[in-house]
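Novice: Here's a structure for you.
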Amino acid sequence: MAHHEAHHIEISKEQFVVPAKAKMFTLGAAIIGLLLTVVGVFTLPTDSSHSANSHAKPATHAGHDNHGAAAQEAHKVDPNLVVDNAGHETLFPKTTHKDPEHPKPAFTRFWANLLVNGYFFLIISLAALFFIAVNHVANAGWSAAIKRIPEAMLTFIPVALVIVLVVLFVARQDLYHWAHYEHQNIAKGAPGYDKILAGKSGFLNSNILLFGTLLFVSIYFLFGLKLRSLSKKEDEVSKGDLTNFRKSVRFSGAFTVIYGFSFSVLSWLIIMSVDAHWYSTIFGVYNFATGWVSALTIICCFVLYLRSQGYLKIVSDEHVHDLGKFMFAFSIFWTYIWLAQFLLIWYAQIPEEVAYYYDRFNDPQFKFQFFLNVIMNFVAPFLILMTRNNKRNPLVLSIAALILITGHWNDVYLMVMPGTIGSAAEVGVLEIGMFTMFCGVFAYWVLQALTRRSLIAVNHPYIEESAYHDVGP
Amino acid sequence: MNHDSIIRQPLVVGGKTPTDVTADISRPILNKPSTSWRVGFVISFIFLLLLVWTIGYTVWTGIGVWNINKSVMWGWDITNFVFWVGIGHAGTLISAILLLFRQKWRMSINRSAEAMTIFAVMCAAIFPVFHMGRVWVAYWALPLPNSFGSLWANFQSPLLWDVFAISTYFSVSLLFWYLGLIPDIATIRDKIKTKAGKFWYRVFSMGWTGSTRTWARYEVVSLILAGLSTPLVLSVHTIVSTDFATSLVPGWHTTIFPPYFVAGAIFSGFGMVLTLLIVARKVMNYENYITIGHLEAMAKVVMLTGTMVGMAYITEFFVAWYSGVEYEQYAFINRATGPYWWAYWSMMFCNLVSPQVFWFKWARTTPWFIFMISIVVNVGMWFERFVIIVTSLHRDYLPSSWVMYSASWTEIGIFLGTFGLFFTCFFLFSKFLPVINMSELKTILKNRE
């Protein structure tokens, strides 16, 4: 505190210019990623070889599958084989990827990857917008100095939306077995009739999927644009004029409520419906947590980068420390939500619910990534970010950030892959390439957006509080 | 040097100086109790006697004096248990999580909210303990060595997790509360005139001197206890929610339960804090310390958490339909339209609809109005637990087990009696201990003399 009181902190506008090195690095990542994606697509296994592969895999991994008597016992109760004893249509039909009658075209893996990345960066951009809104409604002062970063991140919403919509429009019948089922249009009682899917068709149908996604995300983005423009206007009026700030608070309040209520629906439509027979009430919260912790991590990365380039002069280690605390705290929050879903489903062992974890926890194909998910998103940040010094150390923070972002990509991967391409899934050239490409494009896009206004919101009513921010001992 | 934004409102108004704080806050302790205090205390004590009597009757006669039955084996008892545990959460949230979020407005209200936590947990514990029936062997719930008999504890049961969660919660809350009290007890020790007062405040101030060294140690311990309390805010009601959610009962087994219960607990806790403090600030003349700004902030928390639980209600309902599982669908349709529809719609109205009035500035800055809503919130959260427990249990997979349940007078008496315990404790607290944390509050005064 003493060093702050000793001198006056100058708060002035800063114009960011993307350094040539950063352009080269981000565009380079995008291009290399693109090339790898192309290579990945062209080297996709053909249908025949992949089905052979999928039969071989479980056999080779069977030896690792000894998890005591309970797991062995559980294996016998294959959820795909449970028959409703009232003699109805099969209540628990097989999940698509295990269904030999519907082999997946190899190209589906490309679309599934596009969905993973498009959705991942969509929820990150949305969470960046939520960050601005929640700081407004909570009257938070400390974050005023860094608010231009989430403002830039939210400009990626339309890009991610277009990508997701293209995937949904073109490939939904390959990715979502309910969409395939909808296409088949089977009459009630006819062979192949699925009572559960038919029951959901009022919600799970192509119209709601496409228009719902478009509508929700467009509304969010309009709020994002409004908050961006109010923030820009604030730069141009005289200091102490609170009109734009007060308006921002009102729009933020409205956005928070709309987003809070509709984001769950969005996550059910796009991701939960991948496993169309399965359901979990916490799913929306879980997806929110994934996007939120990832967005906080990325905000922290941009703060570290801009500071390393001599920008954000009023941002000190104190702000970085707070972002580190957020990464730490919301990693734990994510784990809490993850555990709530997993523990309750695992404990109750109800066939139609536990099928989801059979495909992830019990399936040797995804088991490693299932555990990796918890290690990367909980154990690693928990241990790395626990101490004060580590949260104030740019290098350590960057390492934690890298683990978290990759970890949450893996998280989304695990939500999408088992239900879409199942046994054909693996992390190969295509996956690594496409994720690299998205990271490059996203970083480039956000850096460009950062140049469009001052990096410091000089007239923000809390900017002094933020400049003199001190987290204490 | 102060860099607070010009748009921040002062947290303490009336130009109070540190001397004023000490004088105002120690006044009820040093003076004779007021008439309103005496009347309130006697009424609370009568209800406490009702608790003693109804519990005595239950233990003496047997658990059959309650109306719980073969299907509704949890009735008012567990409803009340969850109700009281939930109320406790505001105290911990204020003292731990708001501390981490650097919300300094908590300083005027944390002491009384923490006290409320402790009393609420005491009330809560009564219900599962006496529901055991043979309460004299209640200690079998603990994992005692076999020399005490058999090892009864079932570590896979969320009911046992509750034993650990709540006893930990109670101990840490009590410790945290008491630690915060020590400097203030020392202040009273130095001011009080009576002989007995001098003795007891000396004992409980544990030789506090106010030296730099003591303060440094005190702050470290405070921070550690705040760190320990933070996961407890989440864990206690999470584990209470698993009492229901790990089961196979339709309407109970749903993954959103843990965070939804925590949000509901904070909601109900703030409801009760508002109920108590709006009265206390008036009666004790603490309007300059517990300002309209404090009430507004708490009203906002109530609105936020009320909307969160409301969203959980809607989510559950939608996903029950979406699941295609007829038992789940029935459980929710039956909640809304079955014989207990009135409880369901009371819950919906009180918890989701009523807090929305706080979108209006007038509503969240008018004390009597906030008070009314806080009562509605308390009622609504009781109904929520009643809805969850009774509507799910009164319909079984086997239609021959379908029953109705209404509480016996003993169950009602115990519930009313716990209010007696709660308010008796609160009245004693407000008489013998400083209701506001004096030493902490002095750090945020603008007027330093």
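Novice: Can you put A:322, B:4 in order, fewest other beta carbons within 10 Å first? Intermediate values should be presented prior to the final figure.
Specialist: On the way: A:322 19, B:4 15.
Result, fewest neighbours first: B:4, A:322.
Novice: Go ahead and run the numbers for FRET between residue A:185 and residue B:397, Cβ-Cβ distance against an R0 of 30 Å, rounding to 0.05. Write down the numbers at each step before the final one.
Specialist: On the way: r = 35 Å, r/R0 = 1.16.
The pair residue A:185/residue B:397 has a calculated efficiency of 0.30.
Novice: While we're here: Could you name the aspartates and glutamates whose alpha carbon sits less than 19 Å from that of residue B:70, not counting residues in the same chain fewer than 8 places away?
Specialist: Of all the aspartates and glutamates, those that pass the test against residue B:70 - Cα under 19 Å, at least 8 places apart if same chain - are B:243, B:396, B:411.
Novice: Same structure, new question: Under the Kirkwood approximation for Rh and a Cα-based Rg, what ratio Rg/Rh is obtained for segment A:342-473?
Specialist: Details: Rg = 20.2 Å, Rh = 18.4 Å.
Result: Rg/Rh = 1.10.
Novice: As a quick test, which of the pairs A:23/A:391; A:247/B:446; B:300/B:361; A:325/B:446 have an alpha carbon distance above 22 angstrom in this structure?
Specialist: On the way: A:23/A:391 28 Å; A:247/B:446 29 Å; B:300/B:361 10 Å; A:325/B:446 29 Å.
As for pairs spanning more than 22 Å Cα to Cα, those are A:23/A:391; A:247/B:446; A:325/B:446.
Novice: Looking only at B:287, B:219, B:114, which one moves most when chain B is put into a Gaussian network model with springs between Cα atoms under 10 Å?
Specialist: Answer for the Gaussian network model of chain B: B:219.
Novice: Would you work out which of B:244, B:232, B:215 lies farthest towards the positive end of the dipole of segment B:177-274, given +1 charges on the beta-carbon of Lys and Arg and -1 on that of Asp and Glu, about the Cα centre?
Specialist: After comparing all options, I get B:215.
Novice: Then there is this: Under the Kirkwood approximation applied to all pairs of distinct alpha-carbon atoms, what is the hydrodynamic radius of chain B in Å? Don't jump to the answer; show the numbers that get you there.
Specialist: Values: mean 1/r = 0.0430 Å⁻¹.
Taking the inverse mean of 1/r over all distinct Cα pairs, chain B comes out at 23.3 Å.
Novice: Where does each of A:7, A:183, B:237, B:294 land when they are ranked from fewest to most other beta-carbon atoms within 10 angstrom? Please report the intermediate quantities before stating the final value.
Specialist: Details: A:7 7, A:183 11, B:237 28, B:294 21.
If I rank by nearby Cβ atoms, fewest first, I get A:7, A:183, B:294, B:237.
Novice: Something else now. Inside 10 Å of the C-beta atoms of A:276-283, what's the mean count of C-beta atoms belonging to other chains?
Specialist: Mean shielding count: 6.
Novice: Between the helical axis of A:364-374 and the dominant principal axis of chain A, each derived from Cα atoms, what acute angle in degrees is found, rounded to the nearest 10?
Specialist: Relative to chain A, helix A:364-374 is tipped by roughly 20 degrees.
Novice: Go from 0 up to the bin containing the longest alpha carbon distance in segment B:13-72, width 10 Å each, and give me the % of pairs per bin.
Specialist: 17, 23, 20, 16, 13, 10, 0
Novice: In debye, nearest 20, what is the charge dipole magnitude of chain A about its Cα centre with +1 on Lys and Arg Cβ and -1 on Asp and Glu Cβ, if you could check?
Specialist: Values: 33 positive and 33 negative charges, 242 e Å.
Roughly 1160 debye, rounded to the nearest 20.
Novice: How long are the three semi-axes of the equivalent ellipsoid of segment B:10-124, in whole Å, if each is the root of 5 times an eigenvalue of the C-alpha gyration tensor, listed from largest down?
Specialist: Working: eigenvalues 290, 98, 14 Å².
Equivalent ellipsoid semi-axes, largest first: 38, 22, 8 Å.
Novice: To the nearest 0.05, how large is the calculated FRET efficiency for residue B:102 and residue B:285 if R₀ is 22 Å and r is the Cβ-Cβ distance? Please report the intermediate quantities before stating the final value.
Specialist: On the way: r = 29 Å, r/R0 = 1.30.
Rounded to the nearest 0.05, the efficiency is 0.15.
Novice: Looking only at segment B:339-360, which residues have a backbone nitrogen under 19 Å from a spot 7 Å from the Cα of residue A:261 in the C-beta direction?
Specialist: B:345-360
Novice: Taking the inverse of the average 1/r across all pairs of different Cα atoms in the protein assembly as shown, what Kirkwood radius in Å do you get?
Specialist: Working: mean 1/r = 0.0334 Å⁻¹.
Radius from the Kirkwood sum: 29.9 Å.
Novice: With a cut-off of 8 Å between alpha carbons and a minimum separation of six or more residues, what is the relative contact order of chain A in percent?
Specialist: Details: 613 pairs, mean separation 163.5, N = 473.
Normalised by residue count, the contact order of chain A is 35 percent.
Novice: May I ask you to sort B:16, B:104, A:239 by Cβ crowding, counting other Cβ atoms within 10 Å and putting the fewest first?
Specialist: Working: B:16 19, B:104 16, A:239 11.
Fewest-to-most Cβ neighbours within 10 Å comes out as A:239, B:104, B:16.
Novice: Just to confirm the filter: which chymotrypsin sites (Phe, Trp or Tyr not before Pro) across segment B:275-366 are DSSP coil and have at most 14 other Cβ within 10 angstrom of their Cβ?
Specialist: Numbers: sites: B:286, B:289, B:313, B:317, B:318, B:321, B:322, B:327, B:330, B:332, B:340, B:341, B:342, B:344, B:345, B:349, B:358, B:359, B:360, B:362; in loops: B:286, B:289, B:340, B:360.
Sites meeting the loop and neighbour criteria: B:360.
Novice: Going Cα to Cα from residue B:282, which aspartates and glutamates come in below 19 Å? Please leave out same-chain ones fewer than 8 positions away.
Specialist: Straight-distance partners of residue B:282: B:20, B:24, B:296.
Novice: About the Cα centre of segment B:231-331, what is the dipole size in debye to 20, counting +1 per Lys and Arg Cβ and -1 per Asp and Glu Cβ, all else neutral? Walk me through the numbers on the way to the answer.
Specialist: Numbers: 3 positive and 6 negative charges, 86 e Å.
Rounded to the nearest 20 debye, it is 420 debye.
Novice: Using the structure shown, list the pairs from A:13/A:232; A:313/B:442; B:32/B:198 with a Cα-Cα distance above 24 Å, or answer none. Write out the running numbers ahead of the final one.
Specialist: Details: A:13/A:232 12 Å; A:313/B:442 34 Å; B:32/B:198 16 Å.
Flagged as over cut-off: A:313/B:442.
Novice: Relative to a virtual label point 7 Å from the Cα of residue A:166 in the Cα→beta-carbon direction, which members of segment A:413-445 show backbone nitrogen distances below 15 Å?
Specialist: A:434-435, A:437-439, A:441-442
Novice: Over its Cα atoms, what ratio of radius of gyration to 2.2 N^0.38 Å does segment B:350-449 give? Walk me through the numbers on the way to the answer.
Specialist: Details: Rg = 21.1 Å, N = 100, 2.2 N^0.38 = 12.7 Å.
The reported ratio for this selection is 1.66.
Novice: Can I ask one more? Relative to the compact-globule scaling 2.2 N^0.38 Å, provide the ratio for the alpha-carbon radius of gyration of chain A. Present the calculation step by step, with values, prior to reporting the outcome.
Specialist: On the way: Rg = 23.7 Å, N = 473, 2.2 N^0.38 = 22.8 Å.
This ratio for chain A stands at 1.04.
Since every read-out is calculated from the coordinates, none of them should be taken as a lab result. Computed from a predicted model, the values in this text were never measured in an experiment. Cβ: placed from backbone, ideal geometry, glycine included. Neighbour counts: every protein chain shown.
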